[in-house]
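One structure is given below, encoded as structure tokens.
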Amino acid sequence: MTPLPTQPISPLDGRYRAAVADLGNTLSEAGLNKARVHVEVEWLVYLTEHSLLGGTPIDPEQVAALRTWAAEFGQAEIDELAETERVTQHDVKAVEYLVRARLESQGLGHLAELTHVCCTSEDINNLSYALTVKQSIADVWRPRFETVIAEIARQAEQYRELPMMSRTHGQPATPTTLGKELAVFVHRLERQLNQIDDVEYLGKFSGATGTFAAHLAADPETDWAQVSQEFVEGLGLDWNPLTTQIESHDWQAELYTRIAHANRILHNLATDIWSYISIGYFRQIPVAGATGSSTMPHKVNPIRFENAEANLELSNAILDSLAATLVTSRWQRDLTDSSAQRNIGVGLGHSVLALDNIVKGLGQIDAAPEVLAADLDANWEVLGEAIQTVIRAEVTAGRSTISDPYAALKELTRGRRIGQADLIEFVEGLEIGDAAKQRLLALTPATYIGDAVRLVDFLQR
């Protein structure tokens with residue numbers, strides 16, 4: 001069999017490439033190297049601006065040229081790094097040599113020894129990962145997550161007054177509105193987004209084992225902890241003063257755990273919508289030219305929600321693994337985190353793909369009011385809760401002597417289908433006050449929705 005030309009193994013780099021391509025700007029190997037170059041350049045500039053370790057301020061135009069080069073990191077630098085790494089067998093060392101070469105080309109070769117000075121590779125890596133993950137969340141994942149929330153909120157408002165049969169344990173239960181049920185998901189997701197926004201993006205910059213030993217050996221008069229804090233915070237990160245060789249990755253575990261939690265809420269949404277589609281509460285809007293089945297031409301399948309389910313599960317498999325393993329390192333460090341962190345983009349990529357599918361899926365459904373109404377009208381027994389509760393209140397108020405109203409309603413309704421006439425007959429025979437009786441006689445499954453309509457307003461607080 002003739003082998004195929006080289007193909008991507010991951011569907012994120014193949015079939016779904018277009019949906020997740022933005023993550024490649026930050027969470028690819030090239031994106032990581034671009035961030036590494038940025039950190040190395042900024043450290044060199046910081047040292048010269050503060051006249052540390054023999055450095056002296058660089059001409060502002062030279063600084064601007066260095067920063068522009070780092071910001072425009074592209075294919076030429078990617079290729080040069082790949083060639084260098086074949087020799088060094090060390091990715092960060094290859095970045096150091098790339099920066100040194102740039103200094104020479106700009107006539108700044110006398111500063112070459114300040115490149116990567118007092119740094120362990122992890123000083124560069126942990127800051128680079130923090131920067132790329134932070135940018136990925138802000139620029140790629142979060143906007144899509146907000147789009148999902150906004151669309152669910154829009155539909156919650158649209159359907160806030162549309163009565164719907166609830167189901168607890170899969171069985172008919174106290175009615176609600178479709179809008180209120182969607183609002184529940186908006187509220188849950190907004191809580192998670194707030195927690196994700198509160199995550200710190202921590203960085204360390206303290207040398208081989210987090211002690212500033214080399215720094216103090218070279219310059220014992222400088223407060224290197226203060227320098228470290230100022231440099232890390234200058235990059236837009238939060239400073240971690242107490243580490244081993246590596247930043248402890250607790251912030252990453254916190255972030256991935258919270259995103260995984262958000263994913264699980266989205267998974268719950270996807271399965272609920274899928275189930276509502278299956279019982280006809282939502283109609284699917286056919287997409288022109290699309291095929292639901294290779295053999296059954298009538299089918300319109302809820303594939304967007306099914307795709308989202310699978311990708312959310314894959315995302316969580318990776319994010320949960322990262323959260324569980326990154327917080328552990330043998331003694332002052334091992335290399336397990338190096339291999340693990342290269343999969344951050346895969347974990348976030350599957351979440352991004354799921355978010356896109358959910359938005360598309362939500363845009364391809366419409367509620368079916370007549371189906372919801374028919375379901376409500378077929379389940380008058382759900383008013384048993386209201387009747388027995390009213391009787392209890394009437395007994396307490398001294399307007400009734402009915403004993404054990406719950407048992408009376410249980411005998412009437414449990415496991416039985418009863419209609420409007422049955423309930424009217426039952427209510428008319430009750431020993432309760434006239435006002436209470438009239439309220440019950442006016443009640444229908446479609447109007448027994450409590451405060452569901454007004455509860456949607458809590459999304460605006």
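The values are calculated or read from the model by the stated rules, or taken from the named source; none is laboratory data. No experiment lies behind these values; they were computed from the predicted model shown. Cβ: placed from backbone, ideal geometry, glycine included. Neighbour counts: every protein chain shown. Surface accessibility is based on the protein's heavy atoms, side chains included, excluding ligands, DNA and RNA. Shrake-Rupley method; radii C 1.70, N 1.55, O 1.52, S 1.80 Å.
Annotation for Ala217 and Asp139: the two label points, set 7 Å from Cα along the Cα-Cβ direction, are 3.8 nm apart. Over all distinct Cα-Cα pairs of the range 83-124, the Kirkwood formula returns a hydrodynamic radius of 10.7 Å. Rolling a 1.4 angstrom probe over the protein heavy atoms with all chains in place gives the range 177-248 an accessible area of 44 Å² per residue.
Considering just Cα atoms, how many Å³ per residue does the convex hull of the chain enclose?
It comes to 231 Å³ per residue, whole-number rounded.
Mean separation of Cα pairs under 8 Å and 6+ residues apart, divided by the residue count of the range 231-378: what relative contact order is that in percent?
Taking the mean separation of contacting Cα pairs over the length of the range 231-378, I get 33 percent.
Percent relative contact order of the range 372-461, based on C-alpha pairs within less than 8 angstrom and at least six residues apart? Relative CO of the range 372-461 lands at 40 percent. Could you estimate the translational diffusion coefficient of the range 336-424 from the Stokes-Einstein equation, with Rh from the Kirkwood formula over C-alpha pairs, at 25 °C and 0.890 mPa s, in whole µm²/s? Taking Rh from Cα pairs, D becomes 135 µm²/s. Average projection, convex hull of the Cα set of the range 9-104: 7.5 square nanometres. Lys-Lys pairs in the chain that are eight or more residues apart or on separate chains and whose Cα atoms lie under 25 Å of each other come to 9. Of all DSSP beta bridges confined to the chain, the antiparallel ones make up roughly 80%.
Based only on Cα atoms, what mean projected area does the convex hull of the range 296-379 have, in nm²? The Cα convex hull of the range 296-379, projected and averaged over all directions, gives 9.4 nm². Taking 0.36 nm per residue of sequence separation and removing the Cα-Cα distance, the Arg392/Ala65 pair yields an extension gain of 109.7 nm. Computed from label points 7 Å out along Cα-Cβ, the spacing between Glu72 and Arg454 is 6.3 nm.
Per-peptide packing, taken as the mean over residues of other Cβ atoms within 10 Å, places 274-281, 30-37 in the sequence 30-37, 274-281 from highest down. Rounded to 0.05, the FRET efficiency of the Thr401 and Gln438 pair, given R0 = 35 Å and the Cβ-Cβ distance, is 0.95.
The modelled label-to-label distance between Glu29 and Lys93, using points 7 Å beyond Cα along the C-beta direction, is 1.7 nm. With q set to 0.18, 0.20, 0.22, 0.25 Å⁻¹, the log10 of I(q)/I(0) for the range 105-181, from the Debye formula over equal scatterers at the Cα positions, is -0.88, -0.93, -0.98, -1.07. Sorted from greatest to least, the principal axis extents spanned by the alpha carbons of the range 127-233 come out as 74, 27, 17 Å. With 0.36 nm allotted per residue and the present C-alpha distance subtracted, the Ile265-Gln226 stretch has 9.9 nm of extension available. In the chain, Cα pairs under 8 Å separated by at least six residues give a relative contact order of 17 percent.
The Cα atoms of the range 179-258 define a convex hull whose projected area, averaged across directions, is 6.1 nm².
May I ask you to compute the full-extension gain from Leu412 to Leu4, defined as 0.36 nm times their residue separation minus their alpha-carbon distance, rounded to one decimal in nm?
Result for the pair: 140.0 nm of gain on full extension.
Largest first, the extents of the alpha carbon coordinates of the range 144-197 on the three principal axes equal 38, 24, 13 Å.
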